1. What size of dipole, in debye to the nearest 20, comes out for the chain about its Cα centre when the only charges are +1 on Lys and Arg C-beta atoms and -1 on Asp and Glu C-beta atoms?
2. Assign one of three labels to the stretch 156-229, namely rounded, prolate or oblate, based on the Cα gyration tensor with a ≥ b ≥ c the square roots of its eigenvalues; rounded applies when a/c is under 1.5, prolate when it is not and a/b is larger than b/c, and oblate otherwise.
3. PRE reach from Val56 (point 7 Å along Cα→Cβ): which of the stretch 21-35 fall under 19 Å by backbone N?
4. Among (1) 1.27; (2) 1.07; (3) 1.01, only one was calculated for this model; which label is it, if the read-out is Cα Rg over 2.2 N^0.38 Å?
5. Counting helices only, and only those DSSP H runs with n ≥ 4, report the 222 nm mean residue ellipticity of the chain as the sum of -39,500 (n - 2.57) divided by its residues, in deg cm²/dmol to the nearest 500.
6. For the residue pair Asp169 and Arg145, what label-to-label distance in nm results when each label sits 7 Å from Cα along the Cα-to-beta-carbon direction?
7. Looking at the square roots a ≥ b ≥ c of the eigenvalues of the Cα gyration tensor of the stretch 56-146, which shape do they give, rounded for a/c under 1.5, prolate if a/b is larger than b/c, or oblate?
8. Working out 0.36 nm times the residue gap between Lys177 and Glu265, then minus their Cα-Cα distance, what length gain in nm do you get to one decimal?
Amino acid sequence: MDKFLQQNLQSISRTKFNLLIKMNRVLVDGKPKKPNYRLKAGQVISVEIEEDKKDVLKPFEFKVNIIYEDNDILVVEKPTDIIVHPPQPSVQDTLVNALLYMKKDLSSISASRPGVVHRLDRETSGCLVLAKNNFAHLNLVEQFRKRKIKKEYLAIVWGIVNKDNLVVDLPLRRDEKNRLRMKVSFLQSKKAYTEFNVKERLNDSTFIGINLLTGRMHQIRVHLKFLGFPIVGDKKYGIKDDYDEMFLHAHKLGLFHPCTGKFMEFISPMPERFTKFINEHK
């Protein structure tokens, strides 16, 4: 398949084809295949290609806290209420735009999402890794695909969670009534696994740690809502409360360095809003 694509779409580099295949943007008869898949006559190949746009991103004057940086990767502390990259050209107040303002090198595989190999929701704070070159980008995408990346979160939820540890195995799919939301479903869905552990039980809420075993959109938020423990301040899946910020934080991120292969772990400390809430609700 990869040879066929390179021969027939010569305007696209081999590196970009590898990324498209790994991200399931190349389908054969509607299904993802490996690069060495042997094609058969009559099969239909569809390729989702993002149109390159020059000078589409404008610098955004915003200070981003850098946790770690070298020639290949950049680990930052994402604040709440900022999205990772522009969803459309008119939106320029994003984390990526801020990094461009700070003169940071980012991979160029995607013109509108330079450096982006994974995302955090706008409302979620914490550790985020970006690629500074295309080799690191492909390597990190592959690590995410093979679930080699270690992701630990902190959250505060309404209600008292009685079990100390809980593994949730509930598949997810987009809500057909609202494509911007996800829901638990056993039809045309994707597997989703989340591990929860209680850190502290408060008067009306619970402080929990979370190991994200798969990386579906809004996975933690939907699983907790389904269990009856919505995250404090979650306007999309939670209950109405008086908190403007959501209490979900990407606390720890572990990965293998794209060049050295060494396992590295990065920590974003528990935010002040967590400490304040816990003290007020004991």
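Readers should treat all values here as calculations from the given coordinates under stated rules, not as data from a laboratory. Note that the coordinates shown come from a computational prediction; the quantities given were computed from them, not determined experimentally. As a convention, Cβ positions derive from the backbone with ideal geometry for all residues, glycine included, and neighbour counts pool all protein chains shown.
1. Roughly 1300 debye for the chain.
2. Prolate, because a/c is 1.5 or more and a/b exceeds b/c.
3. Counting backbone N atoms under 19 Å from the label point, the list is 21, 23-26.
4. (2)
5. Using -39500 (n - 2.57) per qualifying helix, the result is -5500 deg cm²/dmol.
6. Modelled inter-label distance: 2.6 nm.
7. rounded
8. Residue separation times 0.36 nm, minus the Cα-Cα distance, leaves 27.8 nm.
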